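Q: Sharing a structure below in structure tokens format, with a few things to ask.
The values are calculated or read from the model by the stated rules, or taken from the named source; none is laboratory data. Everything numeric here is computed off the predicted structure, so don't read it as measured data. As a convention, Cβ positions derive from the backbone with ideal geometry for all residues, glycine included, and neighbour counts pool all protein chains shown.
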């Protein structure tokens, strides 16, 4: 704390000096000298701050005026002093925001991620994976923000969520169990992206036994109905299948992006590193989950080419 005292006092001195300097009506211009010129030079970071309004100070003043869209005449009158005060205030606000962001916990998993996902309308599995990352960037672009995919104080506020929350960033998904894949691979095929989007649309839909068998458009979906909907969304299935039907679907073995696990009683799939399974709703409220389950007793298949 003591080590910060000189900088705190210097900032207070500059703020007081700025108020005093700008209170005086006489404009500063080339050839001016004195303490007010020194204050100006310090605020514009002109070195050395020698109190002489020479050519270097003229150029710095004009740069500042052009940057803030005021008349770049190199003369420091009331309007320029006012803009200097506003620029200093904005800088203090940005500094506080950066400090808050850097001091906050940074994570890609947990209840704050689920809160974010519910706000964005994507599968709330509590894992900041590629789907959540894309949804965040879409939201940020829509709001005119920097679309960096990072959820800091500004994005939390734009989402309408108050209070302190960790900074959220995309995380690598765990790779566990037969056939799972890292979800951070670049160049994801369009069909897989469409599957993920389809999966998001019904991720929180009710479980209904037999749902999605008669039609892809249903009030709820069971395990194989959910998978049928996702595969149809990616253009890889023309008619719904039941669990037994998935035992002979596509090609044998795990796929690069999509792997299907099926037996006579149940079926689930792994899409780009995340399990899509109706049984996951009990834990996450969504069919998406980052954890795997036992693959014993399941036939392993994949869509051709994926």
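Q: Within the stretch 14-22, does at least one residue satisfy the condition of being out of contact with any strand residue (DSSP E or B) (no Cβ under 8 Å at 6 or more places or on another chain), at pLDDT below 55, in the same structural domain as residue 78 (by TED's automatic domain parsing) and surrounded by 10 or more Cβ atoms within 10 Å (Cβ to Cβ)? Break it down stepwise before answering.
A: Of the stretch 14-22, the ones out of contact with any strand residue (DSSP E or B) (no Cβ under 8 Å at 6 or more places or on another chain) are 14-22.
Filter once more, keeping what is at pLDDT below 55: 22.
If we keep only those that are in the same structural domain as residue 78 (by TED's automatic domain parsing) as well, we get 22.
Restricting the remaining residues to those that are surrounded by 10 or more Cβ atoms within 10 Å (Cβ to Cβ) gives 22.
Yes, that holds for at least one residue.
Q: Further question: In the stretch 31-53, what residues are out of contact with any strand residue (DSSP E or B) (no Cβ under 7 Å at 6 or more places or on another chain) and either closer than 13 Å to residue 76 by Cα or surrounded by 15 or more Cβ atoms within 10 Å (Cβ to Cβ) (or both)? Even if it seems obvious, please write down each step before you answer.
A: Taking the stretch 31-53 and keeping what is out of contact with any strand residue (DSSP E or B) (no Cβ under 7 Å at 6 or more places or on another chain), we get 31-32, 34-35, 38-39, 41-50.
Result: 31, 32, 38, 39, 41, 42, 43, 44, 46, 49.
Q: Output the number of residues of the stretch 43-69 satisfying the condition of being in contact with a helix residue (DSSP H, G or I) (Cβ under 6 Å, 6 or more places away or on another chain) and either within 20 Å of residue 91 (Cα to Cα) or in contact (Cβ under 8 Å) with a residue 40 or more places away in the chain (or both).
A: 4
Q: Please specify each residue of the stretch 138-174 satisfying the condition of being without any contact (Cβ under 8 Å) to a residue 40 or more places away in the chain, out of contact with any strand residue (DSSP E or B) (no Cβ under 8 Å at 6 or more places or on another chain) and surrounded by 17 or more Cβ atoms within 10 Å (Cβ to Cβ).
A: The answer is 139, 140, 149, 155, 156.
Q: I'd like the residue in the stretch 256-291 that is in contact with a strand residue (DSSP E or B) (Cβ under 6 Å, 6 or more places away or on another chain) and farther than 18 Å from residue 231 by Cβ and, out of all such residues, is modelled with the lowest pLDDT. Walk me through it before giving the result.
A: The initial filter retains those residues of the stretch 256-291 that are in contact with a strand residue (DSSP E or B) (Cβ under 6 Å, 6 or more places away or on another chain), namely 258-262, 268-271, 274-277, 280, 287-290.
Going one step further and asking which of them are farther than 18 Å from residue 231 by Cβ, we end up with 289-290.
Numbers: 289: 90, 290: 85.
Out of the qualifying residues, it is 290.
Q: Please go through the stretch 217-236 and pick out each residue that is modelled with pLDDT under 90, buried (at least 20 other Cβ atoms within 10 Å of the Cβ) and part of a loop (DSSP other than H, G, I, E, B).
A: 218, 234
Q: Which one is surrounded by the most Cβ atoms within 10 Å (Cβ to Cβ), of the residues in the stretch 251-304 that are part of a loop (DSSP other than H, G, I, E, B), without any contact (Cβ under 8 Å) to a residue 60 or more places away in the chain and touching a helix residue (DSSP H, G or I) at 6+ places or on another chain (Cβ under 9 Å)?
A: Among those residues, the one meeting the criterion is 277.
Q: Is at least one residue of the stretch 76-90 more than 39 Å from the chain's Cα centre (by Cα), at pLDDT 90 or above and surrounded by 17 or more Cβ atoms within 10 Å (Cβ to Cβ)?
A: yes
Q: Further, regarding this structure: Inspect the stretch 178-186 for any residue being over 22 Å from residue 111 (Cα atoms), in contact with a strand residue (DSSP E or B) (Cβ under 8 Å, 6 or more places away or on another chain), modelled with pLDDT under 90 and surrounded by fewer than 16 Cβ atoms within 10 Å (Cβ to Cβ) and give the result as yes or no.
A: So far as the stretch 178-186 goes, yes, one or more of its residues are over 22 Å from residue 111 (Cα atoms), in contact with a strand residue (DSSP E or B) (Cβ under 8 Å, 6 or more places away or on another chain), modelled with pLDDT under 90 and surrounded by fewer than 16 Cβ atoms within 10 Å (Cβ to Cβ).
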